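Heads up, the thing below is written out as structure tokens.
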Amino acid sequence: MTSKPLADMLKNPDLLISAAFVSGEWVKTAPDGKSFDVLNPSTGDIITSLPDLGVAETKAAIDAAYLAQ
């Protein structure tokens, strides 16, 4: 069984964002260029790839969330 890409199934494909939201900004690439695939659990198909962010980016996201409370 072949499935259509998720973006093709959305009424608004712009809703599928291949980035991480960190400190109010979309981060499209990790500093070291690494990424990971997000899979559809029912088919195993790749939905998208996201930046594989590290400790510094994770800390920035947590700090920003804390300040936003």
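The values are calculated or read from the model by the stated rules, or taken from the named source; none is laboratory data. Being a predicted model, the structure only gives us computed values, none of them experimental. A quick note on method: Cβ atoms are made from the backbone with ideal geometry, for glycine too, and the neighbour counts reach across all protein chains shown. For the accessible areas, the whole protein counts, side chains as well, though only heavy atoms, and no ligand, DNA or RNA atoms are used. Shrake-Rupley method; radii C 1.70, N 1.55, O 1.52, S 1.80 Å.
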What strands (runs of 3 or more DSSP E), lying completely within the chain, carry at least 1 residues that are out of contact with any strand residue (DSSP E or B) (no Cβ under 7 Å at 6 or more places or on another chain)?
20-22, 25-27
Taking only region 30-45 into account, find how many residues are closer than 28 Å to residue 69 by Cβ and either touching a residue at least 40 places away in the same chain (Cβ under 8 Å) or touching an Asp or Glu at 6+ places or on another chain (Cβ under 7 Å) (or both).
1
Hits in region 11-29 (condition: over 23 Å from residue 68 (Cβ atoms) and either open to solvent by less than 60 Å² (accessible area, probe 1.4 Å) or in contact with a Ser or Thr (Cβ under 9 Å, 6 or more places away or on another chain) (or both))
16, 18, 29
With the structure loaded, tell me whether residue 59 is open to solvent by 70 Å² or more (accessible area, probe 1.4 Å), among the charged types (D, E, K, R) and modelled with pLDDT under 85 or whether it fails that test.
no
Pick from region 30-48 the residues that are small (Gly, Ala, Ser) and open to solvent by 50 Å² or more (accessible area, probe 1.4 Å): which of them is farthest from residue 4 (Cα to Cα)?
33
The number of residues in region 46-62 that are without any contact (Cβ under 8 Å) to a residue 40 or more places away in the chain and either β-branched (Val, Ile, Thr) or in contact with a His (Cβ under 6 Å, 6 or more places away or on another chain) (or both) is 4
